[in-house]
Amino acid sequence: MKIFIENSFLFEKCTGMGQYTKTVMNALSYLNLKFYLKNLQLPLNTKFKYFWHSIWLNTYFYLFTILKKPNVVISPAYIMPWLTRKNTKYITVIHDICFYTDPEASKYTMAIYDLSTKIAIKKADVLVTVSETVKQDLVKKFNVDPKQIKIVYNSISENFLNFPIKNEILEKYSILKNKYILSVATLNKRKNIPELIKAFESISEKYPELRLVLVGGMGNEKRDKLTKHHNIIFTGYVKDDELPTLYKNALLYMSPSLNEGFGIPIIEAQYSECPVLCSDTAIYREIAGGGAEFCTTKSEGIAEKIEYLINDPERREELVKTGKENVKRFSIEKVAEQLKEIISYE
């Protein structure tokens, strides 16, 4: 079987979609299936990169598939070619439809994702989503036949599993074991980090040794506008080999996000035996299972649950145990089973 993965948007600083692409690659390797990566390499700051990518998909990439005759083409980041080859199965991944409810999404960005999603619905042989929650969103929004949509979960990257714990990383960020709350997210509005910051600031005087460590790019937020609190640490992007140490030594992991398609950091935290606190949304209920404490998306509710977990070590230990059990649902073996069913799906 000849499988192509069109991975033009697997960027150097990959976030959710890039990690998902790596998960697909790891799952195929687990199944002993050979795959080939094809991509258009554009600088990250290229103007109208989606336009050039679309042209490339429907010219060079299309002709390449005619010549090489792949059995399967996987598009892991929404965008698939309009021109498709007969006798090739096209599998396209829709990670979420958050862009429809994001008030800060530009008209250009919304147009790209809207068009890409509608093309995928029309042209893909199999639509893949990363959760049951997103599947139901697609069914409701676009009246898609549920039988057309399959679920392939995210998983923890193979590299993440193999990275050793390095205490010098704590020294790098001037933090101490069990003396900080960790959150990993690009600082966009829908990640709701401002409410987390307000919550932390409201209780910080009670816990002067506690830090809030925010990992991720600035997105559409500005650090100076968010906070100048001396116990809040913005790391920016961190290297992959630093994340396991940051999770493992945190007092708890917190995600206050308003909307997600999956939430990889949730299962990374659970794997790392870090207690999880997250917003009470359908997607987090699905992914975190019983391995998380849930709270409202407002600062008052976040602060209340943070204090509850700070002062209840037994509950934190319970979350660690249930989280370790929950994360087994997202093993590479489970993901490979889901992917194998789709590749052979008729």
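The values are calculated or read from the model by the stated rules, or taken from the named source; none is laboratory data. These numbers were taken from a predicted model, which means no experiment stands behind them. In this analysis, Cβ positions are derived from the backbone assuming ideal geometry, glycine residues included, and neighbour counts consider all displayed protein chains. Note: areas computed on protein heavy atoms with side chains; ligands, DNA, RNA excluded. Shrake-Rupley method; radii C 1.70, N 1.55, O 1.52, S 1.80 Å.
Region 88-141 to region 283-301: how many Å between their Cα centroids?
Taking the Cα centre of each part, region 88-141 and region 283-301 sit 24 Å apart.
Please calculate how many Å² of accessible area the chain carries per residue, with a 1.4 Å probe and no DNA, RNA or ligand atoms counted.
That works out to 49 Å² for each residue.
If packing is taken as the average number of other Cβ atoms within 10 Å across a peptide's residues, how do 34-41, 319-326 rank, most packed first? Working shown, then result.
Values: 34-41: 13.5, 319-326: 18.4.
Top of the packing list down: 319-326, 34-41.
Using the crude model of +1 on Lys and Arg Cβ and -1 on Asp and Glu Cβ, and no other charge, please compute the dipole size for region 187-346 relative to its Cα centre, in debye to 20.
480
Would you mind working out the magnitude of the charge dipole of region 235-297 relative to its Cα centre, with +1 at each Lys and Arg C-beta and -1 at each Asp and Glu C-beta, to the nearest 20 Debye? If you can, show how the numbers build up before the last one.
Details: 3 positive and 9 negative charges, 16 e Å.
So the dipole magnitude of region 235-297 works out to roughly 80 debye.
Given the options V24, T322, I306, identify the residue whose Cα lies farthest towards the positive end of the charge dipole of the chain (+1 on Cβ of Lys, Arg; -1 on Cβ of Asp, Glu).
Checking the options against the dipole of the chain, the answer is V24.
Leaving out ligands, DNA and RNA, what percent of the accessible area of the chain is carbon and sulfur, probe 1.4 Å? Don't skip to the answer; put the middle values down first.
Details: 8710 of 16830 Å².
Solvent-exposed carbon and sulfur of the chain make up 52 percent of the total.
Can you find, among I332, V152, L63, the residue sitting farthest towards the positive end of the charge dipole of the chain, where Lys and Arg contribute +1 and Asp and Glu -1 at Cβ?
L63
Explain nothing, just the number: relative contact order of the chain, from Cα pairs under 8 Å at least 6 residues apart, as a whole percent.
Working: 589 pairs, mean separation 56.7, N = 346.
Rounded, it is 16 percent for the chain.
Sum up the charges of everything whose Cβ sits under 10 Å from the Cβ of C274, counting Lys and Arg as +1 and Asp and Glu as -1, but leave C274 out.
0
To the nearest 20 debye, what is the magnitude of the charge dipole of the chain about its Cα centre, counting +1 on the Cβ of each Lys and Arg and -1 on the Cβ of each Asp and Glu?
Computed about the Cα centre, the dipole is about 1480 debye.
Among all the lysines, which ones have a C-alpha under 16 Å from K328's C-alpha, if same-chain residues fewer than 8 places away are not counted?
Here the lysines satisfying the reach criterion relative to K328 do not exist.
Could you pull out the pairs from K34/K141; K22/K140; K166/K340; K34/K147; K150/K324; K49/K122 whose alpha carbons sit more than 32 Å apart here?
K34/K141; K166/K340
Please express the shape of region 167-250 as an equivalent ellipsoid: the semi-axes are the square roots of 5 times the eigenvalues of the C-alpha gyration tensor, given largest first in whole angstrom.
Details: eigenvalues 74, 57, 19 Å².
Equivalent ellipsoid semi-axes, largest first: 19, 17, 10 Å.
Taking the Cβ of K305 as the centre, find all other residues whose Cβ is under 13 Å away and add up their charges (Lys, Arg: +1; Asp, Glu: -1).
Every neighbour counted, the sum reads -4.
Just the number: Rg to Rh for the chain, Cα atoms, Kirkwood Rh, two decimals.
Dividing the radius of gyration by the Kirkwood radius yields 0.98.
When DSSP beta bridges are limited to those with both residues in the chain, what percentage is antiparallel, rounded to the nearest 5?
Antiparallel bridges: around 0 percent, rounded to the nearest 5.
Give me the one-decimal nm value for the distance between modelled label points at D145 and E273, 7 Å along each residue's Cα-to-Cβ direction.
If labels sit at D145 and E273, their model points lie 4.9 nm apart.
Would you work out which of I165, A288, T109 lies farthest towards the positive end of the dipole of the chain, given +1 charges on the beta-carbon of Lys and Arg and -1 on that of Asp and Glu, about the Cα centre?
So the residue we want is T109.
Would you mind counting up the charge near I283? Only other residues with Cβ under 10 Å from its Cβ, with Lys and Arg at +1 and Asp and Glu at -1.
Value of the local net charge: -4.
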